[in-house]
Amino acid sequence: MRILIVEDEKLLAESVRLLLKQHGYEADCAYDGLSGLEQIRLGIYDLVILDLMMPGMNGLDVARSARSAHNGIPILMLTAKSDTQDRIEGLEAGADYYLTKPFDSGELLACVRALLRRQGSEVNELSCGNTALDLDTGSLRCGKRTMRLSAREFDVMRLLMQAGSRNLSKEQILEHVWGFDSGAVANHVEVYVGFLRKKLAAIHSDVKIISVRRLGYHLEIQDQSGQ
């Protein structure tokens, strides 16, 4: 599961990220509302933990913008305000649950698990076309054929499956798979996409990784009879 934390208090955001990581979740941070909304629009997250009070674009505006675009991502809203009216505004803006600061780490984790269960997001595989990515074993499966992926191949394939038909740029893939400070370059993405294309072909998958000039990569399901 991949979770986005949108919180302008960097120390708090990092502590939440580490807490989630310790419990088996992948987590990224955005430190202002506009950046958070841009990352939500990528469509690669299973849940967003969203601070209410931020300079510029606050949590209410982020939630409203996401919902107006018909984005159903679960939203756990954090706030230092405990007034009933503030809670009502948060829920009406599109939040699924409201947690008041300071909060207990156990309560935060319980809320995260409950929201993911409610959305049916706690699954052990992702699927596209006739192909599934097993999140437990790190394998691609098509019918009776399976292909084990390396750790990096798995991360790239998972990101592409989560994005589906939406284009992911090489920069976005580098950021989410390798990280900002890794020293990896665009060629790394091209190499691993090449590995994945060969493995998809080997298991007779109908899923193709499509490259769009200057936009990046996305998945398409193709009719194998026309190959």
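The values are calculated or read from the model by the stated rules, or taken from the named source; none is laboratory data. Model, not experiment: these values are computed from the prediction. Virtual Cβ from ideal backbone geometry, glycine too; neighbours counted across all protein chains shown.
For region 200-213, does any single residue satisfy the condition of being in contact with a strand residue (DSSP E or B) (Cβ under 8 Å, 6 or more places away or on another chain), surrounded by fewer than 18 Cβ atoms within 10 Å (Cβ to Cβ), among the small types (Gly, Ala, Ser) and farther than 22 Å from Ile40 by Cα? Yes, region 200-213 contains at least one residue that is in contact with a strand residue (DSSP E or B) (Cβ under 8 Å, 6 or more places away or on another chain), surrounded by fewer than 18 Cβ atoms within 10 Å (Cβ to Cβ), among the small types (Gly, Ala, Ser) and farther than 22 Å from Ile40 by Cα. Counting only residues that are in contact with a strand residue (DSSP E or B) (Cβ under 7 Å, 6 or more places away or on another chain) and under 16 Å from Glu7 (Cα atoms), region 46-69 holds 10 of them. Of all residues in region 34-62, those that are among the hydroxyl-bearing types (Ser, Thr, Tyr) and touching a Pro at 6+ places or on another chain (Cβ under 9 Å) total 0. Scanning region 197-224 for residues that are in a strand (DSSP E or B) and of a type in the set (Ser, Thr, Tyr) yields Ser211, Tyr217.
Residues checked against (1) in contact with a Cys (Cβ under 9 Å, 6 or more places away or on another chain); (2) closer than 23 Å to Arg2 by Cα; (3) exposed (fewer than 12 other Cβ atoms within 10 Å of the Cβ); (4) free of Cβ contacts under 8 Å to residues at least 40 places away in the same chain:
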| position | (1), (2), (3), (4) |
| --- | --- |
| Lys144 | no, no, yes, yes |
| Arg148 | no, yes, no, yes |
| Glu153 | no, yes, no, no |
| Gln172 | no, yes, no, no |
| Glu175 | no, yes, no, yes |
| Gly179 | no, yes, yes, yes |
| Val193 | no, yes, no, yes |
| Leu196 | no, yes, no, no |
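Within region 113-132, the residues that satisfy the criterion of being buried (at least 18 other Cβ atoms within 10 Å of the Cβ) and modelled with pLDDT of 90 or more are Thr131, Ala132.
The combined condition, being in contact (Cβ under 8 Å) with a residue 40 or more places away in the chain, within 16 Å of Asp8 (Cα to Cα), in the same structural domain as Tyr31 (by TED's automatic domain parsing) and among the acidic types (Asp, Glu), is fulfilled by Asp51.
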